[in-house]
Every structure is written in structure tokens, then in C-alpha cells.
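A quick write-up on the structure given underneath.
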Amino acid sequence: MKTGEKSEYSSAVKSRKLIKNALGELLQKKDFETISVTEIVKAAGINRSTFYAHYNNMTEVLEEIEKQVADGILNSFMSYEESVMENPTPFLKSIASLLQKDFDFYKRLICANVGSHFIDKLKELFINTVIGDNDKINHIKDLKTFGVLVRFYTNGFCSMFEDAFKGTLKISLENLAEIIGEIVAVGFEDYTITKAEKIERLKRGLPVR
């Protein structure tokens, strides 16, 4: 990337961040549907032309935020050779790290009226991705039960993360990810490990929950 291109890219990144942060601040005072572009540019300290150079409307700002988190989830998911539900801790910790980098913003977003919509979209993305990845779940013994468990645990850990952001659960995101990861792994073990594998683990002195 040439010097001029780097400068232009840096400026674009800065402008988008200013817009995103302005949205986060306004969400603490108003519902998303009532926030105008005029209010955003004023809070961000930019002009309208800068806003429209990046977005056509306010909905696109929110959609980009959702996409950033969704991309993070998918990138972490794709690094797994097995089903993420069999060893969820690294995945959950990577998501916790992603959210922690901009904790204050995500806290404002999740606590706002659009927070439930934001979380629901991410939940459905994760559930559909896990259940739809046939190459990683073709060894699962009971796919119907597996699907129910994926939805059950996903709703659970998303609610826990939401409580952590809202302050009703006093725990760090990383610590929460570790605890939830252990709980989920235990819950899925009976559906991912055969009886023969359990016997083999016992013979080798390995733990079997």
C-alpha cells in the first residue's frame, strides 16, 4: 500500500470509529430509530459528507458493527477441525477477547434498546453455523439432540455475556468464557464420545466425566 493510500485508509478507519463511538454514546440517551445522521455527525465532530462517504444511512452503521462481530465469530469457528461445542473454551475466549477490545462500546450497545436484536442475530448465526457444518458433526451420534443442546447452551452463554456487560454478573469476560467452556464441554461429552472411546480413556488413565 502506497503512502497516500495508507493515509486515506487510516482516515477512513478513524472516521468510521468516530461514527461508531458517537452512535454508542447516543444509544444511552435515545432509541436507535430516533437517532438522526445530524446527531451522529455532531457527536462525532465530522461533517455530513464524511458520514455519507462511508454509509448511506444509520442502519448501515449498525449492520457494519454486527458484521464485525459476526466475522470474528466465523473466523474463530473456521479454525476448528472438530465441532466447536466439543472444545468451546478457546472459541469463547477468542470472542471474549474481541468484545473486550471495545468493551465500553459493546456495553453501550448491548444495554440499549437494539441490544436484544444484536444478540439474537449473533446467536442465530452461531447456531446455524455449528449445526450446518456437516464435516465437523458427522460423528455425532444423535444430531437431533445435538441441535437442541447447541441452541440451549448458546442461549445460555449469550445471556451470561449479556449479564456481564450489564453488570449484573461481576466477572471478567475471559473468566466467564473459561467457566462456560468447561460446562459446555461436559454437557456435550455424552453426544460426542462413544462408549468404546470412554473405555479406552479409562484404560489409559485419562479422565472421563
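Points worth noting:
- Checking every residue in the stretch 39-58 against the condition of being free of Cβ contacts under 8 Å to residues at least 40 places away in the same chain and under 20 Å from the mean Cα position of the chain (by Cα) gives zero matches.
- Of the helices (runs of 4 or more DSSP H) contained entirely in the stretch 62-163, those carrying at least 3 residues that are surrounded by 16 or more Cβ atoms within 10 Å (Cβ to Cβ) fall at 89-100, 103-111, 115-132.
- Test result for GLU66, over 18 Å from the mean Cα position of the chain (by Cα) and touching a residue at least 40 places away in the same chain (Cβ under 8 Å): no
- Residue list for the stretch 172-209, restricted to those being among the aliphatic types (A, V, I, L, M), at pLDDT 60 or above and loosely packed, with under 13 Cβ neighbours inside 10 Å: VAL186, LEU202
- Cβ pairs under 6 Å, 6+ apart, first in the stretch 149-162 and closer than 23 Å to GLU174 by Cβ and assigned by TED's automatic domain parsing to the domain that holds LEU125, second modelled with pLDDT under 95 and of a type in the set (D, E, K, R): THR154/LYS123; CYS158/LYS123
- Candidate set from the stretch 26-38 (those that are in a helix (DSSP H, G or I) and surrounded by 18 or more Cβ atoms within 10 Å (Cβ to Cβ)); member that is farthest from the chain's Cα centre (by Cα): LEU26
The values are calculated or read from the model by the stated rules, or taken from the named source; none is laboratory data. Computed from a predicted structure; not experimentally measured. Don't worry about glycine lacking a Cβ; one is built from the backbone with ideal geometry, like all the others, and counts go over all protein chains shown.
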